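**Student:** What follows is a single structure, and I will ask about it in a moment.
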Amino acid sequence: MSAFSTAPVIIDGKGHLLGRLAAIVAKQLLAGQKIVVVRCEEINISGSYMRNKLRYANFLHKRHIVNPKKLGPFHHRAPSRILYRTIRGMLPHRTNRGANALERIKLYEGCPPPYDIKKKMVVPGALRVLRLKPGRKYCTVKRLSHDFGWGYRDVVDRLEEKRKIKNQAYHERKTAAVKLRQKSTQDQASSFEKLTALGY
């Protein structure tokens, strides 16, 4: 992600490590890059599930003593908001520069319609298969969020299944069209050679 693009960069969050992805995204946001992250629920966290569950349970106990509903800290359960808060912690969000950087990011569970047909990127520096030692334990944000009260896991899974079936059908139609075009080009090759020989 070294090259700057005026169009938003769309990142598929599946298989990325939470902290590494957040650090790279935060740096790009400060540089002025607009970023969209889809499938936030499939992001991984290093460490066993029980360890991360205990850490998040400990985080839930941290509250403001005067008026927690108004003053926070707010404990978000949705995977996209967990990633948002992680990124926010890596930005100077109380300055104008940091606040403007936060406005450049969009985070989604699943892959909603504007982005389901667009090309998506991965971040090699944050991929679990490249950065985490084989055999180490890890968990997904989806499971953690669901156990702490996120109620849309089944809805997102159902919508993702529909999207995958639809995209598979589109891919098959596109492949068939390409093969048909190649076949017609090969069939017409002999007539092209005759026309070329006649000087056309």
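The values are calculated or read from the model by the stated rules, or taken from the named source; none is laboratory data. Bear in mind the structure is a predicted one, so any value in this text is a computation, not a measurement. Heads up, the Cβs are rebuilt from the backbone with ideal geometry, glycines too, and the neighbour counts pull from every protein chain shown. Heavy atoms of the whole protein, side chains included, go into the accessibility calculation; ligands, DNA and RNA do not. Shrake-Rupley method; radii C 1.70, N 1.55, O 1.52, S 1.80 Å.
**Student:** Given the criteria more than 25 Å from Pro134 (Cα to Cα), among the basic types (Lys, Arg), under 13 Å from the mean Cα position of the chain (by Cα) and open to solvent by 40 Å² or more (accessible area, probe 1.4 Å), does Lys69 qualify?
**Tutor:** No; evaluated as a whole, the condition is false for this residue.
**Student:** Is it true that some residue in the range 114-128 is in contact with a Gly (Cβ under 9 Å, 6 or more places away or on another chain), hydrophobic (A, V, I, L, M, F, W, C), surrounded by 10 or more Cβ atoms within 10 Å (Cβ to Cβ) and without any contact (Cβ under 8 Å) to a residue 24 or more places away in the chain?
**Tutor:** For the range 114-128, residues in contact with a Gly (Cβ under 9 Å, 6 or more places away or on another chain), hydrophobic (A, V, I, L, M, F, W, C), surrounded by 10 or more Cβ atoms within 10 Å (Cβ to Cβ) and without any contact (Cβ under 8 Å) to a residue 24 or more places away in the chain: absent.
**Student:** Another question, then. Looking at the range 77-94 only, could you name the residues that are open to solvent by less than 70 Å² (accessible area, probe 1.4 Å) and either within 21 Å of the chain's Cα centre (by Cα) or polar (S, T, N, Q) (or both)?
**Tutor:** If the condition is that a residue be open to solvent by less than 70 Å² (accessible area, probe 1.4 Å) and either within 21 Å of the chain's Cα centre (by Cα) or polar (S, T, N, Q) (or both), then Ala78, Pro79, Ser80, Ile82, Leu83, Tyr84, Thr86, Ile87, Gly89, Leu91 are the ones that fit.
**Student:** Give me the helices (runs of 4 or more DSSP H) completely within the range 9-100, filtered to those with at least 2 residues that are touching a residue at least 12 places away in the same chain (Cβ under 8 Å) and farther than 23 Å from Gly151 by Cβ, ordered by residue number.
**Tutor:** 18-30, 79-88
**Student:** Here's a follow-up. Given the conditions (1) more than 14 Å from Thr140 (Cα to Cα); (2) open to solvent by 30 Å² or more (accessible area, probe 1.4 Å); (3) small (Gly, Ala, Ser); (4) over 21 Å from the mean Cα position of the chain (by Cα), report the number of the one that Ser48 does not fulfil.
**Tutor:** Ser48 satisfies all of (1) more than 14 Å from Thr140 (Cα to Cα); (2) open to solvent by 30 Å² or more (accessible area, probe 1.4 Å); (3) small (Gly, Ala, Ser); (4) over 21 Å from the mean Cα position of the chain (by Cα) except (1).
**Student:** Same structure again: Restricting attention to the range 155-185, report how many residues are closer than 18 Å to Glu41 by Cβ and open to solvent by 100 Å² or more (accessible area, probe 1.4 Å).
**Tutor:** 4
**Student:** Within the group Leu17, Leu54, Leu30, which residue is open to solvent by 40 Å² or more (accessible area, probe 1.4 Å), under 22 Å from the mean Cα position of the chain (by Cα), over 17 Å from Arg81 (Cβ atoms) and not acidic (Asp, Glu)?
**Tutor:** Only one candidate qualifies: Leu30.
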